[in-house]
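J.: Sharing a structure below in structure tokens format, with a few things to ask.
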Amino acid sequence: MKRTLLDAIEERPLLGDGAMGTQLMIAGLEQGNSGEVWNLTHPERVLAIQRRYVEAGSECLLTNTFGGSRIMLNRHSHADDAAAINAAAVAIAREAFGGRDGYVIGDIGPFGGLMEPYGEFTEAQVLDSFREQAKALVEAGADAVIIETQTSLEELRLGLMAAREAGAACVIGSMAYDVTLDGSTFRTMMGVDPERAAAFMQEHGADIVALNCGTGMDMARARDAVLRYLQMTDLPIMAQPNAGQPKLVNMKVVYDETPAEMVTGVVPLLQAGASIIGGCCGSTPDHIRAFREAMDHFQTAKAL
Ligand SMILES: [Zn+2]
């Protein structure tokens, strides 16, 4: 039997994947449409993207289910397809490994709104939505579930709870930080700093603490986050920063950090103690290929 994800990262760091959203756009998804529905309508396009990541060296793939919760899908009139969309996504990611060992991480993104008393959703609605998604991902065979791009501890707690209840073999909590205006530090949009987040995730049953996306969170800032997590927890850490800053070019958001630029941050991240490294918005199979080379060199040098 294949080793579990948690066993595998005890032995050596693993390489994650790059962005899905920006790749779906390149494959023809129109702004504002649901990329998750493609798991049912255009599975071959999702598969092609994930195959490119595997060919580049990814050992962990996040399922194409960032917006795959009932609440998110309801905005595209696909709420009742939630279970099928998530199950299909796990099968597609598994197929992308083509029989190779690899870890399918079921992806749960934010529900995309605010809970009472600030917003219209009750805690019960959000929890039910996460429960349904987590259950579908786990039952379809996901090796782990990640609750990602989180900014609020209240929402994160519900996601972690749903993943635990679904029986996920590994639960990952992942925060999105923004660098403050004066550039001195970073915290989530809801004001959560990494120390608080790490302690909270550990307390609420995460097996891996992570960060992804965010504003201004380049590879160097991601390394700072890893070091700050380590002051609060001994859980393994995963980091998936964006490929630089988003810029608006011809009314399109582009991320302009090249693979050669971004890869300079890989070894410092590994040295800081990250166990899984990947990329978020704007990162491509070329970024992941560069990461692969850097990680392989790092491992070989360490073994000598
Ligand atoms: Zn992102």
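The values are calculated or read from the model by the stated rules, or taken from the named source; none is laboratory data. Quick caveat: nothing in here was measured; it's all calculated off a predicted structure. Note that we place each Cβ from the backbone using ideal geometry, even for glycine, and neighbour counts take in every protein chain shown.
J.: Within region 231-263, work out how many residues are more than 14 Å from the ligand (Cβ to nearest atom), over 18 Å from MET175 (Cβ atoms) and of a type in the set (Val, Ile, Thr).
T.: So the count comes out to 3.
J.: In the list ALA243, ALA272, ALA260, ALA239, which residue meets the criterion of being exposed (fewer than 14 other Cβ atoms within 10 Å of the Cβ) and of a type in the set (Gly, Ala, Ser)?
T.: Details: ALA243 fails: exposed (fewer than 14 other Cβ atoms within 10 Å of the Cβ); ALA272 fails: exposed (fewer than 14 other Cβ atoms within 10 Å of the Cβ); ALA239 fails: exposed (fewer than 14 other Cβ atoms within 10 Å of the Cβ).
Within the list ALA243, ALA272, ALA260, ALA239, the selection yields ALA260.
J.: Tally the residues that are within 14 Å of ASN212 (Cβ to Cβ) and either part of a loop (DSSP other than H, G, I, E, B) or small (Gly, Ala, Ser) (or both), restricting the search to region 276-289.
T.: Residues meeting the conditions: 6.
J.: Separate question: Please state which one of SER152, SER184 is crowded, with 18+ Cβ neighbours inside 10 Å and either modelled with pLDDT under 95 or hydroxyl-bearing (Ser, Thr, Tyr) (or both). Before you say what the answer is, go through the steps one by one.
T.: Values: SER184 fails: crowded, with 18+ Cβ neighbours inside 10 Å.
From the options SER152, SER184, the qualifying one is SER152.
J.: Mind counting the residues in region 77-123 that are part of a loop (DSSP other than H, G, I, E, B), surrounded by fewer than 16 Cβ atoms within 10 Å (Cβ to Cβ) and not aromatic (Phe, Trp, Tyr)?
T.: Taking region 77-123 as the starting set, the residues that turn out to be part of a loop (DSSP other than H, G, I, E, B) are 77-78, 97-102, 109-114, 116-120, 122.
Imposing the further condition that a residue be surrounded by fewer than 16 Cβ atoms within 10 Å (Cβ to Cβ) reduces the set to 77, 98-101, 112-114, 116-120, 122.
Checking which are not aromatic (Phe, Trp, Tyr) leaves us with 77, 98-101, 112-114, 116-117, 119-120, 122.
Going through region 77-123 one residue at a time, the tally reaches 13.
J.: Next up: For the condition farther than 18 Å from LEU158 by Cα, assigned to a helix (DSSP H, G or I) and away from the ligand (no atom under 16 Å from the Cβ), what is the one hit in ARG221, ARG228?
T.: Working: ARG221 fails: away from the ligand (no atom under 16 Å from the Cβ).
Step by step, each of ARG221, ARG228 is checked, and only ARG228 is farther than 18 Å from LEU158 by Cα, assigned to a helix (DSSP H, G or I) and away from the ligand (no atom under 16 Å from the Cβ).
J.: Could you check region 92-106 and list, in sequence order, the residues that are of a type outside the set (A, V, I, L, M, F, W, C) and in contact (Cβ under 8 Å) with a residue 60 or more places away in the chain?
T.: Going residue by residue through region 92-106, those that are of a type outside the set (A, V, I, L, M, F, W, C) are 94-95, 98-103, 106.
Residues satisfying the conditions are ASP101, TYR103, GLY106.
J.: Might you let me know whether region 179-198 holds any residue that is over 13 Å from THR215 (Cβ atoms), within 16 Å of the ligand (Cβ to nearest atom) and under 17 Å from the mean Cα position of the chain (by Cα)?
T.: The answer is no, given that none of the residues of region 179-198 is over 13 Å from THR215 (Cβ atoms), within 16 Å of the ligand (Cβ to nearest atom) and under 17 Å from the mean Cα position of the chain (by Cα).
J.: Looking at (1) without any contact (Cβ under 8 Å) to a residue 24 or more places away in the chain; (2) closer than 19 Å to LEU24 by Cβ, which is the only condition GLU261 fails?
T.: (2)
J.: Return the residue satisfying two criteria in turn: it lies in region 2-48 and is among the small types (Gly, Ala, Ser) and free of Cβ contacts under 8 Å to residues at least 60 places away in the same chain, and of such residues it is surrounded by the most Cβ atoms within 10 Å (Cβ to Cβ).
T.: Taking region 2-48 as the starting set, the residues that turn out to be among the small types (Gly, Ala, Ser) are 8, 16, 18-19, 21, 27-28, 32, 34-35, 48.
Subsequent filtering for residues that are free of Cβ contacts under 8 Å to residues at least 60 places away in the same chain retains 27-28, 32, 34-35, 48.
Details: ALA27: 15, GLY28: 10, GLY32: 7, SER34: 20, GLY35: 24, ALA48: 14.
Filtering first and then ranking leaves GLY35.
J.: A further question follows. Name the single residue, out of those in region 206-218 being of a type in the set (A, V, I, L, M) and more than 11 Å from the ligand (Cβ to nearest atom), that is farthest from the chain's Cα centre (by Cα).
T.: That would be ALA206.
J.: Would you mention how many residues in region 93-114 are modelled with pLDDT of 95 or more and under 22 Å from ALA210 (Cβ atoms)?
T.: 15
J.: Among the residues that make up region 243-265, is at least one of them under 25 Å from GLN150 (Cβ atoms), modelled with pLDDT of 95 or more and part of a helix (DSSP H, G or I)?
T.: yes
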